[in-house]
Amino acid sequence: MRRSATILLHWLSFVLLILLVAAGPLPGLTWAFGLSGLAMCAVALVRGLMNGPGPKLEGTLRLAHPWMSRGMYAGLGLVAAVSLWSQIAETAPVSKLGAIYFYLMSASALHAIFHLWRHTSLGDGALRRITPNVVHGIL
């Protein structure tokens with residue numbers, strides 16, 4: 001349950017974030033992103049994080065990994081909450097929402113690069129944790 005929910009919500013939030021960066025904070029997209037982001041954070045809070053540093057990650061990066069992960073969840077949760085609040089209270093200007101979506105997308109890009117590096121350079125299978133089983137054959 002946790003793995004399936006995390007994978008679904010991870011990729012759903014990512015695709016919705018791309019659409020928000022490209023199209024701006026359209027109400028339907030904003031609601032969907034806010035709900036999926038908060039749901040992903042809720043799964044992590046209730047069932048725990050699904051990720052870990054893996055056996056091949058060493059040194060400072062191994063120590064930093066849990067905190068970087070918590071930071072990504074905190075960023076997602078904050079941006080998702082602000083997105084929903086903007087729809088409920090209609091207070092946040094569109095330009096500010098666009099900026100925070102861009103910042104989260106930038107953090108997401110660094111997150112992806114880190115895990116691509118882990119998967120390819122360290123060969124620790126980092127991408128297998130967050131991709132559906134049908135994709136594992138090409139990883």
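The values are calculated or read from the model by the stated rules, or taken from the named source; none is laboratory data. Predicted model, so just to flag it, every value in this text is computed and none were measured. Positions of Cβ are generated from backbone atoms using ideal geometry, with glycine treated the same way; all protein chains shown enter the neighbour counts. Side chains are part of the model used for accessible areas, which takes the heavy atoms of the whole protein and leaves out ligands, DNA and RNA. Shrake-Rupley method; radii C 1.70, N 1.55, O 1.52, S 1.80 Å.
So the values come out like this:
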item: The chain - charge dipole about Cα centre, Lys and Arg +1 at Cβ, Asp and Glu -1, debye rounded to 20; result: 400
item: Highest-fluctuation residue, P27, P55, P66 considered, GNM on the chain with Cα pairs under 10 Å; result: P55
item: Heavy-atom surface of the chain, accessible at 1.4 Å and reported per residue (Å²); result: 58
item: Fraction of accessible area attributable to carbon and sulfur, the stretch 42-84 (%, probe 1.4 Å); result: 70
item: Whole-Å distance, taken between Cα centres, linking the stretch 118-137 and the stretch 73-117; result: 25
item: Principal semi-axes in Å for the stretch 80-139 [√(5λ), Cα gyration tensor, largest first]; result: 34, 14, 7
item: Convex hull volume per residue in cubic angstrom - Cα atoms of the stretch 1-76; result: 100
item: Using alpha carbons only: equivalent-ellipsoid semi-axes of the chain, gyration tensor based, whole Å; result: 28, 15, 14
